Amino acid sequence: MIAAHAISMSDRKPPNSAKSRDLRFQFEIERETDGRWIAEIPEMPGAMAYGGTVEEAKAKAYALALYAIADDVERSKDIPDSISVLHVPA
């Protein structure tokens, strides 16, 4: 059974100093024969994770997707237009 789910950053409370933007991923969720759940974000290569629950699998895959985005930004040294960075004077 495959189910598609979406999670967004707006599901979490952003820091008071940050303006939030939605970062949405589509998940494909399956239950393995051993009872574990697997969540995959198809548009993010490598963002696939197992969990004991659907929520755990999604959270782990979501974290992997964010790591991949952060790695891409670090390697390119450019911040994508889709990410807003707020400069707060010291």
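Gain in length, residue 69 to residue 34, computed as 0.36 nm per residue apart minus the alpha-carbon separation, to one decimal in nm? Don't skip to the answer; put the middle values down first.
Working: separation 35, 0.36 × 35 = 12.60 nm, distance 3.11 nm.
This chain segment gains 9.5 nm when fully extended.
For residue 59 paired with residue 26, estimate the spin-label separation in nm (one decimal), with each label point 7 Å from Cα along the Cα-to-Cβ line.
2.6 nm
Arrange the following residues from fewest to most other Cβ atoms within 10 Å of their Cβ: 66, 86.
Details: 66 15, 86 8.
The most exposed by this proxy come first: 86, 66.
Readers should treat all values here as calculations from the given coordinates under stated rules, not as data from a laboratory. Keep in mind it's a predicted model, so treat the numbers as computed, not measured. Glycine also receives a Cβ, built like all others from the backbone with ideal geometry; neighbour counts cover every protein chain displayed.
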